[in-house]
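Participant: Sharing a structure below in C-alpha cells format, with a few things to ask.
The values are calculated or read from the model by the stated rules, or taken from the named source; none is laboratory data. This is a predicted model, so every value here is computed, not measured. Here the Cβ positions follow ideal geometry from the backbone for every residue, glycine too, while neighbour counts run over all protein chains shown. Side chains included, ligands, DNA and RNA excluded: accessible areas come from the protein's heavy atoms. Shrake-Rupley method; radii C 1.70, N 1.55, O 1.52, S 1.80 Å.
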Amino acid sequence: MFILLGASDDPCLLAVSRALAARSHETRTISHPFMDPACSAWRFDSQRSDAVLAIEGKSVAIDGVLAARRVAPLAGPHAEWSQEDLLYNRAEVEAALLGWLWGLPCPVIDRPPAWSWYGMRRPILVWSALLRQHGLPALDSVITGDVGEIMRFLAPQGGAAIEHANGCGARQLVPETRAAEIAEHAPLAPIRLTELHDGAWRACVAGPHLVWDDGTPDAATQISARLRAFAAAAGLRFVEFVVTSDEKPRVVDIEHRPRFELFGPLAQRAIAGGVADALTRNGNVRRDGETLARGSP
C-alpha cells in the first residue's frame, strides 16, 4: 500500500491516488503515521531501522510514501499543556517523523535534510549558491532595514516585491510610496526586497518528469535541464519553480511543497503521474523526462 500524508481532501493527494490506482496500486491517505487512526512502531539503533505501520488495527505493508504534502500538527491551547510545551512536543514529533521517513526502505517523496524539514518553506536566499552553480540566478534583491537603501531600491522601478528574510509569509508587491512605512518596521524584522519582473513561467519537478504549466511556450524548455539538475543536486524529487519569462530567465520562487492547485488540469495530471512513477520506480518515461502541458495560456 502507498501512504499519502496529508488531508483527505487535498487535490494533489487525490490526483496521485488516482494515478496510482490506474497502475493497480492501493493507497491510503492519513494525516500522520503516529496519530489515530494510524499507529507506528519504530525500532532503530546504529545498525538498522525497522518500522511497522498499522491503520485501524491492521498491519500495512508500506510500498511508498508521499510526504511532501503533509499537514503539520497544530500546537493549539490545551488545558494541561503550556504553549511552550506544545511547541516542543510538535518539534519532537516532527523529528521522529523525519527519522521514520529516512528509515523506510521504500521510495519516499521527499526525504529532505533536517535543516529544510521544519516549516518546509525556505527563502530563495538559502538556495542562491546552488542556483548559481546550475546557471539559474535569482532576481536581484536586497535585505535591509535602512530607509535610504529601501528608497534607492524602490525608486528605479517604482516598487518591489517584499517578503520576510526568513521566508515566512507570501511575497507582496509594494509601491515606492510605502518606503517610510516599510522602513519603520524593518529594523525589528529584516525584509527582503526583490526587483519586479514582467512575466513568469511555472514548472514542477515530479519524480522523473519536469512538468511545465498549461500553455507554457516552447521557449521555456531552454532551462529544463538546469532545473532538473538543480532539483537532483538539492535532493528534491517534488519541487515547484517560478522563473521569469524574459530572455535570461531568473528564479522568482522555489517551493518544495508544490502548489498543485496553481497548475492547469493538464499539468496536474502530468504531475500526479510523475509522482506515481517515482513512487513505483517506473522507468518508462520520455528520454528527456520533460512534459510540456498544452492547455490554454
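Participant: Suppose accessible area is computed on protein heavy atoms with a 1.4 Å probe; arrange Tyr118, Tyr88 from highest to lowest.
Facilitator: Heavy-atom accessible area, descending, gives Tyr88, Tyr118.
Participant: Now for a different question. What does the convex hull of the alpha-carbon atoms of region 82-146 project to on average, in nm²?
Facilitator: Average of the hull's projected areas for region 82-146 equals 7.5 nm².
Participant: Out of the total accessible area of the chain (probe 1.4 Å, heavy atoms of protein only), what percent is carbon and sulfur?
Facilitator: 54
Participant: Dividing the Cα radius of gyration by the Kirkwood radius, what Rg/Rh value follows for the chain?
Facilitator: Checking Rg against Rh, the ratio lands at 1.00.
Participant: Zone of Val147 (label point 7 Å along Cα→Cβ, backbone N under 11 Å): which residues in region 173-208?
Facilitator: Under 11 Å, as judged by backbone N against the label point of Val147, lie 179-185 of region 173-208.
Participant: Once the dipole of region 99-167 is set up with Lys and Arg at +1 and Asp and Glu at -1 on Cβ about the Cα centre, which of Gly99, Leu130, Ile162 lies farthest towards its positive end?
Facilitator: Gly99
Participant: Taking Cα pairs under 8 Å and at least six residues apart, what relative contact order does region 156-247 come out at, in percent?
Facilitator: Result for region 156-247 is 28 percent.
Participant: For region 1-68, what is the convex hull volume of its Cα atoms per residue in Å³?
Facilitator: 95
Participant: Nearest 10 degrees is fine. How inclined is helix 265-279 to the longest principal axis of the chain, computing both from alpha carbons?
Facilitator: Value to nearest ten degrees: 50.
Participant: Right, another one. Enter the accessible area of Val211 (Å², nearest 10), with the probe set to 1.4 Å and all protein chains included.
Facilitator: Counting only protein heavy atoms, Val211 exposes about 0 Å² to solvent.
Participant: Which angle from 0 to 90°, rounded to the nearest 10, does the C-alpha axis of helix 11-22 make with the longest principal axis of the chain?
Facilitator: The angle comes out at about 40 degrees.
Participant: Separate question: Can you give the relative contact order of region 9-153 as a percent, counting alpha carbon pairs under 8 Å and 6+ residues apart?
Facilitator: 15
Participant: Using a 1.4 Å probe, what is the accessible area per residue for region 17-59, in Å²?
Facilitator: 69
Participant: Can you compute the modelled spin-label distance between Ala61 and Ala114, with each label point 7 Å from Cα toward Cβ, in nm?
Facilitator: 3.3
Participant: So how much slack lies between Ala22 and Ala155, counting 0.36 nm per residue of separation and subtracting their Cα-Cα distance, in nm?
Facilitator: 42.5 nm
Participant: Right, something else. For the chain, find the longest principal axis of its Cα atoms and tell me its angle to the long axis of helix 83-103, 0 to 90°, nearest 10.
Facilitator: With rounding to tens, the tilt is 70 degrees.
Participant: In nm², what is the average projected area of the convex hull enclosing the Cα atoms of region 1-160?
Facilitator: Quarter of the Cα hull surface area: 15.5 nm².
Participant: Shifting gears a bit: In terms of solvent-accessible area of protein heavy atoms at a 1.4 angstrom probe, what is the ranking of His32, His185, His209, highest value first?
Facilitator: Ranked from most to least accessible, the order is His185, His209, His32.
Participant: Given a cut-off of under 8 Å on Cα pairs at least six residues apart, what relative contact order in percent is computed for region 197-273?
Facilitator: Value for region 197-273: 38 percent.
Participant: If the chain between Ala225 and Tyr88 were fully stretched, how many nm would it gain, using 0.36 nm times the residue separation less the Cα-Cα distance?
Facilitator: Result: 45.2 nm gained on full extension.
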